[in-house]
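This report concerns only the one structure given below.
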Amino acid sequence: MSLAAGAMLGPYEIVEAIGAGGMGEVYRARDTKLNRDVAIKVLLQAVANDAERLARFQREAQILASLNHPNIAHIHGLEESGGVRALVMELVEGPTLADRIAQGPIALADAIAIAKQIADALEAAHDQGVIHRDLKPANVKVREDGTVKVLDFGLAKAFEPAASSSRTAMNSPTLTAATMHGEILGTAAYMSPEQARGKAVDKRADIWAFGCVLYEMLTGRRMFQGDEATDILVEVIKSEPDWAALPAETPFLIRRLLRHCVTKDHRQRLGDIRDARIELNEAQNAPAMDGGTAQPARNTGRERLAWIAAAVFGLTGAPVLALFAMGVIHVRETPAEMPVMRFTVAFPEGTVSGRPLISPDGGRLLLVSPGTGLWVRALDALPFQLLPGTVGASSPFWSPDSKSVGFFAVGKLKKIDIIGGPAVTLCDVSGGRGGAWSPTGVIVFAGLSGALQKVSAAGGIPAPATAIGDSTEGVASAGHSFSPTVGTLYT
């Protein structure tokens, strides 16, 4: 039922229609008793005329009215007049987040500030047992002063059909009754895989949607797209997001947070939005320490020498390293002054094998636990994160860009992206004893055979890197060479 301007709904005078969606039409109204503007959401006939659903909606509204948080649009109450039932809510001025994103990607600092407030709202609601179930940019408003208000909190459950009704992937408020094609697409794009399959959901469905919203703020595009709702749901269930679409300056902490929010298996997903809020605080307070994909400029010559020294030392021992140093020490440059970092490291539970390995960019720490695998953390971030699929890993080594780690496990040389993704097998290795990763994408490693071998960091068939009585042509072919004054490297 549409309401005309000037119509009265109890003490509320309708001013104008301001929106419509799957849950009903929304109006600006004047509270004639308290002399304030409010938002009136007229209930769908499917709810208003269904005694069971109406009773459930009233129970939900009472719970929602108890949520008192600066980032949640407050519910004032229910009103019934002339056969019309409506929800009376706080009127929030300003554009929706969807309106902001329609103008293009949001700057990193602004996106983090908005995301923090959304996370605060979700945390407050989850602490009260309330799940949003329909979080999307259209349900978030950003006022002129930067305050974020999350709308329609928990109403998705209230608008669902009765429990005895068949459950489908469309059981979301917008999808259930919307007549607007864009509304249907909008809700489908933020559904978690368990929602898309019509399964019961918990707060982890909100965490999934939160990740989708943050991704969209940073990229200006939806994480999952399609021409029809069913196409989008298939993408949600089967496809991985396009992580390359994230801006190059996106910090590691934000990239990792996004991956943890949108893990398809809800059992492996971030379990509490509070953790997301903490990660956002870390990223906001220490952006310089947690840069994105860009790496600081390096001295190429010194980098190559350091790489060769690491390979020689790790694979042949200290005597050769000393010989190497005799030939190259004269090219040592005065190192640039680096900032002093002081921090406390809480190791993960269980036995830790070997020494911690600091990444080439100095920003991350890597540990090996024989029982669980490889653990990594940013030095200015939260505790260590386990890299999945690395059980039994040994002798790890960093890639020169600090984005990946090479390691040996179950007779294979493998690598894994520290931001996320599965471990990838590069080649077979018999008893891997150590490796080094060159800036040109070549990995030199040693197995039980004793001779150094090399393989592309993309994978392939290993080839000899050194030979008895020969010079280091194998290493030189990888883009490096030893000074003749050092001597010949023998295996």
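The values are calculated or read from the model by the stated rules, or taken from the named source; none is laboratory data. Predicted model only: the values in this text are computed from it and were never measured. A quick note on method: Cβ atoms are made from the backbone with ideal geometry, for glycine too, and the neighbour counts reach across all protein chains shown.
Kindly state which strands (runs of 3 or more DSSP E) lie completely within region 363-432 and contain at least 1 residues that are in contact with an Asp or Glu (Cβ under 8 Å, 6 or more places away or on another chain). Don't jump to the end; show me each part of the working.
Values: elements: 364-369, 373-378, 394-398, 404-409, 412-417, 424-428.
Those strands (runs of 3 or more DSSP E) span 373-378, 404-409, 412-417.
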### Message
One residue is enough: does region 395-408 have a residue meeting the conditions over 30 Å from ASP275 (Cα atoms) and among the β-branched types (Val, Ile, Thr)?
### Response
no
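So that you can scan it fast, the table gives a plain yes or no per residue for (1) among the acidic types (Asp, Glu); (2) within 25 Å of ARG53 (Cα to Cα); (3) within 21 Å of the chain's Cα centre (by Cα):
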| site | (1), (2), (3) |
| --- | --- |
| LEU67 | no, yes, no |
| VAL88 | no, yes, no |
| GLU93 | yes, no, no |
| LEU97 | no, no, yes |
| GLY104 | no, no, yes |
| GLU123 | yes, no, yes |
| GLN128 | no, yes, no |
| ILE131 | no, yes, yes |
| VAL150 | no, yes, yes |
#### Entry: region 93-137, subset part of a loop (DSSP other than H, G, I, E, B) and among the polar types (S, T, N, Q), residue surrounded by the most Cβ atoms within 10 Å (Cβ to Cβ)
GLN128
### Selected residue [in a helix (DSSP H, G or I), modelled with pLDDT of 50 or more and either within 29 Å of ALA436 (Cβ to Cβ) or not aromatic (Phe, Trp, Tyr) (or both)] from ALA248, ALA306, ALA244
ALA244
### Query
In this structure, does VAL444 turn out to be in the same structural domain as ILE358 (by TED's automatic domain parsing), more than 15 Å from PRO360 (Cβ to Cβ), touching a residue at least 40 places away in the same chain (Cβ under 8 Å) and surrounded by 18 or more Cβ atoms within 10 Å (Cβ to Cβ)?
yes
### Task
Spot the failing condition for THR168; the list is (1) at pLDDT below 90; (2) crowded, with 22+ Cβ neighbours inside 10 Å; (3) among the hydroxyl-bearing types (Ser, Thr, Tyr), and only one is missed.
(2)
### Query
Would it be correct to say that ALA200 is outside any helix (DSSP H, G or I), at pLDDT below 90 and not assigned by TED's automatic domain parsing to the domain that holds GLN284?
no
### Task
Answer yes if at least one residue in region 381-403 is at pLDDT 85 or above, among the charged types (D, E, K, R), closer than 19 Å to LEU253 by Cα and in contact with a Lys or Arg (Cβ under 8 Å, 6 or more places away or on another chain), and no otherwise.
no
### Query
LYS414 passes all but one of (1) surrounded by fewer than 17 Cβ atoms within 10 Å (Cβ to Cβ); (2) within 30 Å of PRO241 (Cβ to Cβ); (3) of a type in the set (D, E, K, R); which number fails?
(1)
### Query
Out of region 62-78, which residues are buried (at least 19 other Cβ atoms within 10 Å of the Cβ), in contact with a Lys or Arg (Cβ under 8 Å, 6 or more places away or on another chain) and under 27 Å from GLY10 (Cα atoms)?
ILE72, ALA73
